[in-house]
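Written below as structure tokens is the structure these notes are about.
The values are calculated or read from the model by the stated rules, or taken from the named source; none is laboratory data. Note that this is a predicted model, so its numbers are computed, not measured. Note: ideal-geometry Cβ built from the backbone for every residue, glycine included; neighbour counts use all protein chains shown.
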There are 4 protein chains.
Amino acid sequence: MARDLNVALIGQAFMGKAHSNAWSQAPRFFDLPVNPVMHTVAARNADTLPAFADRFGWANWSTNARALAKNDEIHLVDVSTPNDSHRALSVAMLEAGKHVACEKPLAGTLDEAREMRDAARKAKSSKTFVWYNYRRCPAVALAYNLIRSGKIGEIYHVRASYLQGWGGPDTPLLWRFKKGAAGSGAHGDLNAHIIDLARFLTGDEVKEINGAICKTFVKERKRLDGPGKGKSTVDDSVQFLATFKKGATASFEATRLAGGHFNDNSIEINGTKGSIRWSLERLNELEYFDLSQDGRTRGWSNIMVTDAGDHPYAEAWWPEGHIIGYEHSFTNQVADICRVMGRRKPAIPLPDFEDAYQTQRVLEAALVAAKARETVKMSEVK
Amino acid sequence: MARDLNVALIGQAFMGKAHSNAWSQAPRFFDLPVNPVMHTVAARNADTLPAFADRFGWANWSTNARALAKNDEIHLVDVSTPNDSHRALSVAMLEAGKHVACEKPLAGTLDEAREMRDAARKAKSSKTFVWYNYRRCPAVALAYNLIRSGKIGEIYHVRASYLQGWGGPDTPLLWRFKKGAAGSGAHGDLNAHIIDLARFLTGDEVKEINGAICKTFVKERKRLDGPGKGKSTVDDSVQFLATFKKGATASFEATRLAGGHFNDNSIEINGTKGSIRWSLERLNELEYFDLSQDGRTRGWSNIMVTDAGDHPYAEAWWPEGHIIGYEHSFTNQVADICRVMGRRKPAIPLPDFEDAYQTQRVLEAALVAAKARETVKMSEVK
Amino acid sequence: MARDLNVALIGQAFMGKAHSNAWSQAPRFFDLPVNPVMHTVAARNADTLPAFADRFGWANWSTNARALAKNDEIHLVDVSTPNDSHRALSVAMLEAGKHVACEKPLAGTLDEAREMRDAARKAKSSKTFVWYNYRRCPAVALAYNLIRSGKIGEIYHVRASYLQGWGGPDTPLLWRFKKGAAGSGAHGDLNAHIIDLARFLTGDEVKEINGAICKTFVKERKRLDGPGKGKSTVDDSVQFLATFKKGATASFEATRLAGGHFNDNSIEINGTKGSIRWSLERLNELEYFDLSQDGRTRGWSNIMVTDAGDHPYAEAWWPEGHIIGYEHSFTNQVADICRVMGRRKPAIPLPDFEDAYQTQRVLEAALVAAKARETVKMSEVK
Amino acid sequence: MARDLNVALIGQAFMGKAHSNAWSQAPRFFDLPVNPVMHTVAARNADTLPAFADRFGWANWSTNARALAKNDEIHLVDVSTPNDSHRALSVAMLEAGKHVACEKPLAGTLDEAREMRDAARKAKSSKTFVWYNYRRCPAVALAYNLIRSGKIGEIYHVRASYLQGWGGPDTPLLWRFKKGAAGSGAHGDLNAHIIDLARFLTGDEVKEINGAICKTFVKERKRLDGPGKGKSTVDDSVQFLATFKKGATASFEATRLAGGHFNDNSIEINGTKGSIRWSLERLNELEYFDLSQDGRTRGWSNIMVTDAGDHPYAEAWWPEGHIIGYEHSFTNQVADICRVMGRRKPAIPLPDFEDAYQTQRVLEAALVAAKARETVKMSEVK
């Protein structure tokens, strides 16, 4: 019988809800070598916490997140708080011998991320995980497997964008527009995901950043806490170009000002043998172009990635063609975390702090490029 | 009755065929204030030229293109030769008082382009045109009209790419891979088009280039004229980021190594009031997202741009839903050239040498950025 | 505080899993006026039942489904067994004063369905529900609301098909191919759903069946329980034409032999003011064409039906653009059942036995048309 | 050198324009064994005819179509008049020894069509052709080749619809709504095309009609020639079900009341080995699902049917990805007519009067089924 993995969650907001659901659903749909037990949820707001715990099935609740470190019953701590608290919580839990699963991006700053990476290195008996959950959309996992098995060949281009449209001038001055709380705007929120996907799918690392634009279009927004307007101190969009070590060229774009796109995390990869493309808004579908196909019938193949026999994670869910949704990526991640905790292989590799630190370096390098590097003014070109 | 416009064409290759068709078809489908007469075709290869002239209905043929300048019957010369001869032919014709319609890009180099622009300025009684034909796909013309009428608002982002996939390592060393003949690779061939579209649709000019990658992945290719391999001296792909004067950020990409894309000239523009997107592979369709729509039914509207009552150029062609193809963009351009020659308004503005020179400057600036500007090495970011 | 609704489920197969998940998830994502309690699961196979109960959180399990009728703690019985047992179980539970939620189609035969309808009429204090869950895909619910608010106008055409592709000659003689157990093939399984959707969305009833084809292409299949082949005694496909009372014409098709379609339940409705179309394989999207739009920008609007402010059920789930999956339609149905049990309005109407009996009549009428009515032989037409 | 084929066209309306363009364009883009010469155009309206002849390059014009029979210079007569004159003109021309290319449907009535078929049989030295031009969209021709080479296997289902939306109640009483002139409404206009496509692609013949609905929703329309309303005497929509001789089941639908569809001629075919689907609104694309593909990457392949090396007709047009339009189907047909006249093989088979007569029989049989056969009233099914 599967041994228990006692889990504590910190956070009860959007990610708290998504993670709670995942811890609850995973053992219902997967056969796992360890049994995740929803032991305790911790968060600051005691007004809402008991109801949250009750609703999602956490056995206990606490407003003292730091105290989890001392609770010997807890095996793994899931850090789902805002970015600026990732470091302190994660390091404390690692030092207390807990396994840690931290929300992305790893930290609010590169310095914090490095500290976390170092703490993870030291904590030899602890495992670390980062919630780059989109790796575990079955179509992304299939893309990973196709690329690893040589179907794309050597990679020429990566084209990654994460487009949202909710950040127009009518949107008020939410915490997401304040650098103190959010660290950055679209960059850390969205580019983090597509940098992770690009690194994960290519199996390659960025060598250099060839240019970047970091832009705040809407400089002032209506205050939520009083009359008048206040300053937005984060980026609305960040675009950058990069070159990978093995030679692939890549473009990245994150924005909250692309009207018509809601959650459009898209990636396309072109190689010597074929191409793949994917979008989160139709997350069950992977498009694949095989350059070796017969010319008469060659085309983009729209693969419905829902076949239990052939596609990652599909065995846990519904019959072919019965699509899954956004939150299943988290549930699939819980399943893989439990596999790793039970010394089994995950369906596809999980990101740890070391891995997520590399993504954070790319985030940082893009900002350096946006700020420090000279542009070519059109006035120089007569 | 419409007065005659005697036209001479130089060139009998791919563009010679497309232009010949356009000169022939335009008066059949449009009511025009001047009547284009296919007077003479000039080209070097006398073996194939008479048959070409006969097939497309050119009344005369000649192997001496320069002599067209002295033929008083010719009113307009259509220069459809490789880029390296645009300057000499166009300037000679302008100096002889001819109107000139030149293939894109304006020239092989910026210096040549500037000379052509200057010659056009001097030739006050001559009109100049450049074959940036995709402006005249009805869906692009509709997008132009929508943007001009304020439907998109102030522009945040331009996302333009021209992806083709024919340039893999099995493709031999065609003239297109030799810098001498071709000037550049994907850059001049493909980026030229999308820079023109971005400038045309936004009505704005590039202020600066924020980064660029120019890359030759396939360095050697099988010779056509002998055994062994020879060097490719042009780019396979060029990506760059730019900022427009009014603040919009833009990304551009041209490549011949995007397997699965055949002629995928795509552009998307996001603004304060809405978005548009378009691809040449489905050129009859424009997608439009109106941010002011009722939230319940708001979505990307897929507009079939074929309605004679509502859509540019559609009155000349077939009933609604009966789509047109690639070559109609040239025919629509001939119609607009004839309108301008007859002192009428074109459906949408035509690019002249002055305009195309601005596009050439952006092409050049992107190369400067790719070559001269420092990148951020990942090794700098610990 | 919400009063408890004690629920018993009968069945532990595919539908048992989907319903269990829905009873478990609904109170986590919705604020409901009654609180569904997963009291007991009943099924025949005692080997697997305890683990099933444990996995999905049923407090008790029993191999005696009939005994649920006598358990005073049970308020509602969810009948998720094969079609041939719907009648006996549902009638028994209604006679015992339970509320009943029965899987679709209502019964294996029209006679049984009528008996169930009559039992429901008699059981005045009981409520009945039928699991036509696809009504509760948010995009379908939105379509219902648009049609009710007059956006489509008077209806001309309904085009409904439910295409699957798993039933080729290599598929063995599963119970689904045996009339005794399954009642029918694609017809009861798939046409039932689209008849319900067509009736629900139009708000109209079928007046007559204008023709039908019921076909078994694969007459023998490999036995599962021994060597050799056995007879398939159900239809592989049923197509029929119908006219609605208010005049709309309709086509229906169910098949398991449409290779490339996995779970493609699609419906399109055309009316005097507009059209809608939808497919279950992209269940988060509704396409809407508004004939009153400006001709310049008129097109099919692809609506991402995920906006909490504007779209049915979306408030319970994730932010805009974060799509949901197949099983959410069941969870949404549980939420509406709980609303009705708590004397609130469901988001959109729920089907009861009376309603599902009308769908069963259409199923039957189509078979009558397929079997009994004369066709026009081509040999009659010289 | 290619021998001349002197062609006379009868008609100067929509089809006159499409055919004139095709006769003119074919020899420019194809290398043909006979050279079509645009000898004479005949039509009734002498006011517009000379300009029409001039515009499209007809050497002569005449208001006496019948006189073409006596002109020994004419080899082939292209009958592009309304349906009610097809018989008289075609029979006269066949009796005069001309080859005849007649617009579809073959005739206004089945009796007329039979007479034409008989005349064609007698005129042994004449060839006949019918303008079922959509066979010659390259994607349809590719589908034909794929099916013939066994890629689809034995056929289970044909799903064909031709949906237009222009026929709402605001559309006035055009000649198309008068039975005398038009013969029928959507049925002869649109179902004719999809019956031809279904017969052509399957290589099979209809055995029986299993049901049909013929419906006039808009019974009165605003008169064009005076005040008030007049009766529409044709169908707005006709749907029918059919069974093919080899067993495939098929559904057909033609309507002018499907708002949002402009020229949506769509067909899907499912077989034992795969499926194909196609729509005229994206006529350059064929979708193909190969059931024998590897399950991991199996999906609908979207084939851009524009590759000169691999796809029918593509060698005549533009490079890969440069799409063609509606009128190219006619030009491709002229090319194949010239090939046949020059004793070469057409790219794919051409329909002659014998063939088109079979399509007319199916049109007729559907109407018989709609009028004469009993329906199943819902009131019969309790």
Output the residues belonging to segment A:285-296 that are buried (at least 19 other Cβ atoms within 10 Å of the Cβ), acidic (Asp, Glu) and either without any contact (Cβ under 8 Å) to a residue 60 or more places away in the chain or touching a helix residue (DSSP H, G or I) at 6+ places or on another chain (Cβ under 8 Å) (or both). A:Glu285, A:Glu287
Do the conditions hold for D:Glu253, that is, is it of a type in the set (D, E, K, R), part of a strand (DSSP E or B) and at the interface with another protein chain (Cβ under 8 Å from one of its Cβ atoms)? yes
Inspect all residues belonging to segment A:121-140 and state whether any of them is buried (at least 24 other Cβ atoms within 10 Å of the Cβ), closer than 24 Å to B:Glu380 by Cβ, out of contact with any strand residue (DSSP E or B) (no Cβ under 6 Å at 6 or more places or on another chain) and hydroxyl-bearing (Ser, Thr, Tyr). no
When residues of segment A:194-220 are filtered for being more than 9 Å from chain B (Cβ to nearest Cβ) and farther than 18 Å from A:Ala372 by Cα, how many remain? 14
Restricting to strands (runs of 3 or more DSSP E) lying wholly in segment C:88-165: which have 1 or more residues that are of a type in the set (S, T, N, Q) and free of Cβ contacts under 8 Å to residues at least 12 places away in the same chain? none
Go through the residues of segment B:25-45 one by one and say whether even a single one is closer than 22 Å to B:His193 by Cβ and out of contact with any strand residue (DSSP E or B) (no Cβ under 6 Å at 6 or more places or on another chain). yes
So how many residues does segment B:256-269 have that are more than 9 Å from every other protein chain (Cβ to nearest Cβ), surrounded by 24 or more Cβ atoms within 10 Å (Cβ to Cβ) and not basic (Lys, Arg)? 3
Neighbours by Cβ (under 6 Å, 6+ apart or cross-chain): first from segment A:360-382, within 7 Å of chain B (Cβ to nearest Cβ) and over 28 Å from A:Arg87 (Cβ atoms); second of a type in the set (Lys, Arg) and part of a helix (DSSP H, G or I): A:Val381/B:Arg361
Checked segment B:72-96 for anything in contact with a His (Cβ under 9 Å, 6 or more places away or on another chain) and either surrounded by 19 or more Cβ atoms within 10 Å (Cβ to Cβ) or at positive phi (or both); matches are B:Ile74, B:His75, B:Leu76, B:Val77, B:Asp78, B:Val79, B:Ser80, B:Met93
What's the total number of residues in segment B:306-331 that are of a type in the set (A, V, I, L, M), out of contact with any Gly (no Cβ under 7 Å at 6 or more places or on another chain) and buried (at least 19 other Cβ atoms within 10 Å of the Cβ)? 2
Test result for D:Gly259, part of a helix (DSSP H, G or I) and assigned by TED's automatic domain parsing to the domain that holds D:Ser301: no
Regarding segment B:233-243, can at least one residue be identified that is β-branched (Val, Ile, Thr), within 14 Å of B:Val362 (Cα to Cα) and not in a loop (DSSP other than H, G, I, E, B)? yes
Counted residues, segment B:342-354 - those being surrounded by fewer than 21 Cβ atoms within 10 Å (Cβ to Cβ) and part of a helix (DSSP H, G or I): 1
Tally the residues that are more than 20 Å from A:Lys127 (Cβ to Cβ) and part of a helix (DSSP H, G or I), restricting the search to segment A:72-87. 3
Output the number of residues of segment D:56-87 satisfying the condition of being over 15 Å from D:Val7 (Cα atoms), in contact (Cβ under 8 Å) with a residue 12 or more places away in the chain and under 25 Å from the mean Cα position of the chain (by Cα). 6
Would you point out the residue of segment D:173-188, among those that are more than 22 Å from C:Gly247 (Cβ to Cβ) and of a type outside the set (A, V, I, L, M, F, W, C), that is farthest from the other protein chains (Cβ to nearest Cβ)? D:Gly180
Going by the conditions given, is A:Thr171 over 15 Å from the mean Cα position of the chain (by Cα) and modelled with pLDDT under 95? no
Some residue of segment C:277-284 being among the polar types (S, T, N, Q), out of contact with any helix residue (DSSP H, G or I) (no Cβ under 9 Å at 6 or more places or on another chain), crowded, with 24+ Cβ neighbours inside 10 Å and modelled with pLDDT of 95 or more: no
